[in-house]
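In what follows, a structure is listed as structure tokens, so that the remarks can point back to it.
The values are calculated or read from the model by the stated rules, or taken from the named source; none is laboratory data. Everything numeric in this text was worked out from a predicted model, so none of it was measured. Virtual Cβ from ideal backbone geometry, glycine too; neighbours counted across all protein chains shown. Surface accessibility is based on the protein's heavy atoms, side chains included, excluding ligands, DNA and RNA. Shrake-Rupley method; radii C 1.70, N 1.55, O 1.52, S 1.80 Å.
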Amino acid sequence: MNYQESLAYLESLNIFGIKLGLERIQKLLARLELPQERYRTIHVTGTNGKGSVSAMLAGILRHSGIHTGFYSSPHLVSYTERIRVDGQAISEQEFADCLSSIKVYIDQMVADGEECPTQFEVLTALAFFYFAIKHVEYAVIEVGLGGLLDSTNVIVPEVSIITNVTLEHADRCGGTLEGVAHHKAGIIKDDVPVVTAAQGVALDIIRQQAEEKNADIFVAGEDFSAEFISCESNFQRLEFSSGLLGAVKEPYTLHLLGKHQIENAAVAVMAAKLIHNLDDRITNKTIDDALSLVSWPARFERVEMGRQKIIIDGAHNPAGMVALRESLDLYYPAEERVLLLGILKDKDIDTMLDILLRPNDTVVVTVPHSDRASDPQLLAGKVAAHVQHVEAIADNDEAMNRALELANGEKLLVMAGSLYLVGELRKMLLDKKGGEA
């Protein structure tokens, strides 16, 4: 297969939808001779922040001279973004070649009367297989959905990370916050330490699971923390401390903006400290080097186009909107804002708009590239209850041009909502800038 053929094959697997469970992925990986057991792993789940924490940890490992794989989801533009080795995305040809190899075993499974793996299961197997043939030492593995029954949950990691737990994907994870927490806690393995920033009932459930698995647990705000010190340009200064590691406060520079990224950085640093016990190549200097260079596109990402300031953020649930609103109020408290929004119809739209919008905001709504996209006129009607000016433009390019026109270099432009949308908007924006990152 070439890359376009591989995409067509993946699309054909969509007919199987999302089917939680580990039996299919386990059978496929067994036929591939268990590639996920040929390197050490770090497993990361959580409602929000898991991508940022994963990116920080992959950077810390890489800057420590460790040959590192990184599997994440979803992608912004290309499937190749999901699978990286030492910071470089898998090439389109490597992607197609690996998928061709794996398809042979999938065809065998089906011929033997076994159930065909889903698209995400095949992508996960592809990542595990690629990391094995590239001989990585560690791989940071981000959960796709939930944890307990997610196809990534076939690994036994060195550290399990649960960033936080809020009510998302409840329909597939038990219907309640407690149900979601049980699914997140499902990544906890026997005797494997856990780092978490969960709170309340969710934390209680995670603690209970950790105790049952004899897993040490490290909790943000209790066992470790980070404090915001200052912000300059695209950098934040923070101080990390842990009573378990002594009273010393360690300063770090973080190349990710957003109030929430301070807590995410604390989680990543705590996990890195635990991995240091296994690999002393990880030091305070390599941690700082990595954090000062880390990037994670479309997560409170600041882009400038001439005199126009733009924030791109994939906030796609209420917790994400809280983080976005707090960061906007922290860094741009007095600036007027134009928002370009697209939200999926199965999200809690009313709550998200309540959190994000101010009465003097100007809003343009558009349509994410997804069958789950909300109707722009319906979304505009909901937005109109919060602001004085809203426009609905279905075409993404036209919507972005209109938002830029309304902002006019004088107001802050915020592109937010579904990652299906902001990934495409980000690509169009950078193309307008001439491909500058």
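Given the conditions (1) under 23 Å from the mean Cα position of the chain (by Cα); (2) surrounded by 19 or more Cβ atoms within 10 Å (Cβ to Cβ), which single one is not true for LEU28?
Looking at each condition in turn, LEU28 falls short on (1).
One line per residue, one yes/no per condition, for (1) modelled with pLDDT under 95; (2) over 18 Å from PHE120 (Cβ atoms); (3) not hydroxyl-bearing (Ser, Thr, Tyr):
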site: TYR39; (1), (2), (3): no, yes, no
site: ALA58; (1), (2), (3): no, yes, yes
site: GLY65; (1), (2), (3): no, yes, yes
site: ILE83; (1), (2), (3): no, no, yes
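For region 248-262, does any single residue satisfy the condition of being touching a Pro at 6+ places or on another chain (Cβ under 6 Å), within 28 Å of GLN88 (Cβ to Cβ) and of a type in the set (A, V, I, L, M, F, W, C)?
no
Regarding ALA215, is this residue among the hydrophobic types (A, V, I, L, M, F, W, C) and crowded, with 16+ Cβ neighbours inside 10 Å?
Yes.
Mind listing just one residue for me: the one in region 347-371 that is of a type in the set (Val, Ile, Thr), open to solvent by 10 Å² or more (accessible area, probe 1.4 Å) and touching a strand residue (DSSP E or B) at 6+ places or on another chain (Cβ under 7 Å) and, of those, modelled with the highest pLDDT?
Of everything passing the filter in region 347-371, THR362 is modelled with the highest pLDDT.
Confirm whether ILE206 is assigned to a strand (DSSP E or B) and either of a type outside the set (Lys, Arg) or under 30 Å from LYS345 (Cβ atoms) (or both). Spell out the reasoning first.
Details: assigned to a strand (DSSP E or B): no; either of a type outside the set (Lys, Arg) or under 30 Å from LYS345 (Cβ atoms) (or both): yes.
No.
Output the residues belonging to region 1-19 that are in a loop (DSSP other than H, G, I, E, B) and either among the β-branched types (Val, Ile, Thr) or open to solvent by less than 60 Å² (accessible area, probe 1.4 Å) (or both).
Passing the criteria: GLY17, ILE18.
Scan region 146-161 and tell me whether some residue there is assigned to a helix (DSSP H, G or I), touching a residue at least 60 places away in the same chain (Cβ under 8 Å) and open to solvent by 10 Å² or more (accessible area, probe 1.4 Å).
Step one: of region 146-161, the residues assigned to a helix (DSSP H, G or I) are none.
The answer is no, given that none of the residues of region 146-161 is assigned to a helix (DSSP H, G or I), touching a residue at least 60 places away in the same chain (Cβ under 8 Å) and open to solvent by 10 Å² or more (accessible area, probe 1.4 Å).
Determine if region 113-127 includes at least one residue that is modelled with pLDDT under 95, aliphatic (A, V, I, L, M) and under 17 Å from the mean Cα position of the chain (by Cα).
No, region 113-127 has no match at all.
Any chance you could count how many residues in region 387-437 are without any contact (Cβ under 8 Å) to a residue 40 or more places away in the chain, surrounded by 18 or more Cβ atoms within 10 Å (Cβ to Cβ) and under 16 Å from PRO297 (Cβ atoms)?
0
What pairs come out if I take residues in region 339-361 that are without any contact (Cβ under 8 Å) to a residue 60 or more places away in the chain and pair them with residues that are of a type in the set (D, E, K, R) and in a helix (DSSP H, G or I) whose C-beta lies under 8 Å away, six or more apart or interchain?
ILE349/LYS382; ASP350/LYS382; LEU353/LYS382; ILE355/ARG325
Would you mind finding the one in THR176, THR166 that is among the polar types (S, T, N, Q) and either open to solvent by less than 10 Å² (accessible area, probe 1.4 Å) or within 20 Å of the chain's Cα centre (by Cα) (or both)?
Working: THR176 fails: either open to solvent by less than 10 Å² (accessible area, probe 1.4 Å) or within 20 Å of the chain's Cα centre (by Cα) (or both).
Matching residue, one of THR176, THR166: THR166.
Applying the selection to region 35-65, what residues are touching a strand residue (DSSP E or B) at 6+ places or on another chain (Cβ under 7 Å) and outside any strand (DSSP E or B)?
If the condition is that a residue be touching a strand residue (DSSP E or B) at 6+ places or on another chain (Cβ under 7 Å) and outside any strand (DSSP E or B), then TYR39, GLY46, LYS50, GLY51, VAL53, SER54, LEU57, ALA58, LEU61, ARG62 are the ones that fit.
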